[in-house]
1. Looking at region 124-149 only, could you name the residues that are among the charged types (D, E, K, R), in contact (Cβ under 8 Å) with a residue 40 or more places away in the chain and under 15 Å from residue 77 (Cα atoms)?
2. Name the residues in region 129-148 that are over 19 Å from the mean Cα position of the chain (by Cα) and modelled with pLDDT under 95, would you?
3. Just the residues that are open to solvent by 80 Å² or more (accessible area, probe 1.4 Å) and either without any contact (Cβ under 8 Å) to a residue 12 or more places away in the chain or farther than 23 Å from residue 83 by Cβ (or both), please, taken from region 160-173.
4. Quick one: is residue 78 within 25 Å of residue 173 (Cα to Cα), open to solvent by less than 80 Å² (accessible area, probe 1.4 Å), in contact with a Ser or Thr (Cβ under 8 Å, 6 or more places away or on another chain) and modelled with pLDDT of 50 or more?
5. Looking at residue 157, is it open to solvent by 80 Å² or more (accessible area, probe 1.4 Å), free of Cβ contacts under 8 Å to residues at least 24 places away in the same chain and either assigned to a helix (DSSP H, G or I) or not hydroxyl-bearing (Ser, Thr, Tyr) (or both)?
6. If you scan region 121-146, which residues turn out to be in contact with a Ser or Thr (Cβ under 6 Å, 6 or more places away or on another chain) and open to solvent by 30 Å² or more (accessible area, probe 1.4 Å)?
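The values are calculated or read from the model by the stated rules, or taken from the named source; none is laboratory data. Treat the numbers as computed from the prediction; the structure is a model and nothing was measured. Cβ atoms come from the backbone with ideal geometry, glycine included; neighbour counts cover every protein chain shown. Just the protein is used for accessible areas: all its heavy atoms, side chains included, with ligands, DNA and RNA removed. Shrake-Rupley method; radii C 1.70, N 1.55, O 1.52, S 1.80 Å.
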Amino acid sequence: MRPEGAGTFRSLRLESKERAASAAGLSVILPHVSGGSRGLQAPEIRKQRTRGFSRGPFRYPALMRLAPQETRTYFVTAVTARRRRIFQVSDSAELLQKTILDYRAQNRFLLHAFVIMPDHSHAVLTPAPNVSLEKAMQFFKGGFSFRLKSKLEVWERGFNESQILSAEKFRNV
């Protein structure tokens, strides 16, 4: 006969797994044990269902560190999907122009120059102090795609950029 409070090796092992799982925000679901060889298998561990979004195991800093504003000017190129000549139609080109100028007016980026070609676009821009280059290009490309309301893919994934670090390179672009 076992002394009171003493459990079997299996029950002690399950208790420690339950404690570890609950500390990690997980719940332990014990399998149905009716004897036999399945009785010694490890319990299933599943995520607890919670309402809303969890912060997850990783924590990111609230403010993203950005490069000094003087070095944040870029020459960027965005290419249409499959090099379709979308901007050969003047309505599409004017819509892209309006989109770029609208986001510039909202101070999302400082626009130094841009050109719209039939199947791609170039721009020289400096993102706002609180906007990353990727976010600025999301405004540029995503804003146009949203306004165009096309069922077809509009842009190739990503974009090409070249950082402008000198006045000479700025003049040459």
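1. 141
2. Within region 129-148, 129 is the sole residue that qualifies.
3. Keep residues of region 160-173 that are open to solvent by 80 Å² or more (accessible area, probe 1.4 Å), which gives 160-161, 165, 168, 170-172.
Answer for region 160-173, where residues must be open to solvent by 80 Å² or more (accessible area, probe 1.4 Å) and either without any contact (Cβ under 8 Å) to a residue 12 or more places away in the chain or farther than 23 Å from residue 83 by Cβ (or both): 165, 168, 170, 171, 172.
4. On the way: within 25 Å of residue 173 (Cα to Cα): yes; open to solvent by less than 80 Å² (accessible area, probe 1.4 Å): yes; in contact with a Ser or Thr (Cβ under 8 Å, 6 or more places away or on another chain): yes; modelled with pLDDT of 50 or more: yes.
So residue 78 fits the description; yes.
5. Numbers: open to solvent by 80 Å² or more (accessible area, probe 1.4 Å): yes; free of Cβ contacts under 8 Å to residues at least 24 places away in the same chain: yes; either assigned to a helix (DSSP H, G or I) or not hydroxyl-bearing (Ser, Thr, Tyr) (or both): yes.
Judged against the criteria, residue 157 is a match.
6. Pass one, region 121-146, residues in contact with a Ser or Thr (Cβ under 6 Å, 6 or more places away or on another chain): 122, 126, 143-144.
Passing the criteria: only 122.
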